[in-house]
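**Q** To start, I am sharing the structure in question, which I have written as structure tokens.
The values are calculated or read from the model by the stated rules, or taken from the named source; none is laboratory data. Keep in mind the model is a prediction, meaning the values are calculated, not measured. For neighbour counting, all protein chains shown are included, and Cβ atoms are generated from backbone atoms with ideal geometry for every residue, glycine included. Calculation scope for accessible area: heavy atoms of the full protein, side chains included, ligands and nucleic acids excluded. Shrake-Rupley method; radii C 1.70, N 1.55, O 1.52, S 1.80 Å.
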Amino acid sequence: MVALGGAHATPAPVPSLDLNRYLGTWNQLAAVPQYFNLVCARDTKAEYALDAQGNVSVRNTCTTWTNAHNEINGTATVNDRMTGAQLHVSFPGVPTQDRIDGPTNYIVTALDPDYSWAVVTDPGRTSGFVLSRAPRLDEAAWSRVRAGIVAAGQDPCLYLTSPVTGGMDGIVPLCTL
């Protein structure tokens, strides 16, 4: 178990997020299990693009346990103009997330300098996602990801790997990699 010094403070965002570089497709390589992603068996992806209002359109997709396609679309608004790394993500029809404006629920807490991977959590650290442009990371990148998770005050053992075609196939705690 990782000591969570300062666990009551909100996780620190990265110092600066270039939203245009962050846009595009991300593979979910690991996550803290959440009720809304239990249906996803593999190939969970997030696609971010600018919408006509200057917000970020969010399209999350995955393959379910019955090999069906699952999709939800939403909107993200930047809540922190200083770093750009704290957003409110909303999904129509989802309780507590159905309004386009609201409190921060998406914080980019670690980001590779080349935007090849990112670690995202929320102010209470109840969620967590490891996102990657590629379907797999090398051992050195995984080490940096785990360090980013710990720096955000989370335990890498709470993150489970997400099966991705061309990447990992099993589901194991991230701390065992």
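**Q** Please specify each residue of the range 158-175 satisfying the condition of being open to solvent by 50 Å² or more (accessible area, probe 1.4 Å), under 23 Å from W65 (Cβ atoms) and in a helix (DSSP H, G or I).
**A** L158
**Q** Could you list, ordered by first residue, the pairs with Cβ atoms under 9 Å in which the first is in the range 87-98 and outside any loop (DSSP other than H, G, I, E, B) and the second is open to solvent by 50 Å² or more (accessible area, probe 1.4 Å) and modelled with pLDDT under 90, at least 6 apart or interchain?
**A** So the pair list comes out as H88/R99; H88/I100; H88/D101; S90/D98; S90/R99; S90/I100; S90/D101.
**Q** Any chance you could count how many residues in the range 138-157 are closer than 20 Å to N37 by Cβ and open to solvent by 50 Å² or more (accessible area, probe 1.4 Å)?
**A** Count: 1.
**Q** Only residues that are out of contact with any helix residue (DSSP H, G or I) (no Cβ under 9 Å at 6 or more places or on another chain) and either of a type outside the set (A, V, I, L, M) or crowded, with 18+ Cβ neighbours inside 10 Å (or both): list them for the range 72-84, please. Steps first, answer last, please.
**A** We begin by selecting, within the range 72-84, every residue out of contact with any helix residue (DSSP H, G or I) (no Cβ under 9 Å at 6 or more places or on another chain); these are 73-77, 79-83.
Matches in the range 72-84: N73, G74, T75, A76, T77, N79, D80, R81, T83.
**Q** Out of S90, S57, report the one residue that is of a type in the set (S, T, Y), buried (at least 19 other Cβ atoms within 10 Å of the Cβ), farther than 19 Å from V130 by Cα and touching a strand residue (DSSP E or B) at 6+ places or on another chain (Cβ under 6 Å).
**A** Values: S57 fails: buried (at least 19 other Cβ atoms within 10 Å of the Cβ).
Result of the check over S90, S57: S90.
**Q** I'm trying to understand the selection: among the residues of the range 36-54, which are open to solvent by less than 80 Å² (accessible area, probe 1.4 Å) and either over 18 Å from I171 (Cα atoms) or assigned to a loop (DSSP other than H, G, I, E, B) (or both)? Talk me through it step by step, then tell me what you get.
**A** Narrowing the range 36-54 to residues open to solvent by less than 80 Å² (accessible area, probe 1.4 Å): 37, 39-49, 51, 54.
The answer is V39, A46, E47, Y48, A49, D51, G54.
**Q** With the requirement that a residue be open to solvent by 70 Å² or more (accessible area, probe 1.4 Å) and closer than 29 Å to V150 by Cβ, what does the range 93-113 give you?
**A** T96, P103, P113, listed by residue number.
**Q** Let me ask another. Among the residues of the range 99-157, write down those that are of a type outside the set (G, A, S), in contact with a Lys or Arg (Cβ under 8 Å, 6 or more places away or on another chain) and not in a loop (DSSP other than H, G, I, E, B). Explain how you work it out, then say what you get.
**A** Start the filter on the range 99-157 by keeping residues that are of a type outside the set (G, A, S), which leaves 99-101, 103-109, 111-115, 117, 119-123, 125-126, 129-131, 133, 135-139, 142, 144-146, 149-150, 154-157.
Then keep just the ones that are in contact with a Lys or Arg (Cβ under 8 Å, 6 or more places away or on another chain); that gives 112, 115, 117, 154, 156.
Within the range 99-157, W117, P156 meet the criteria.
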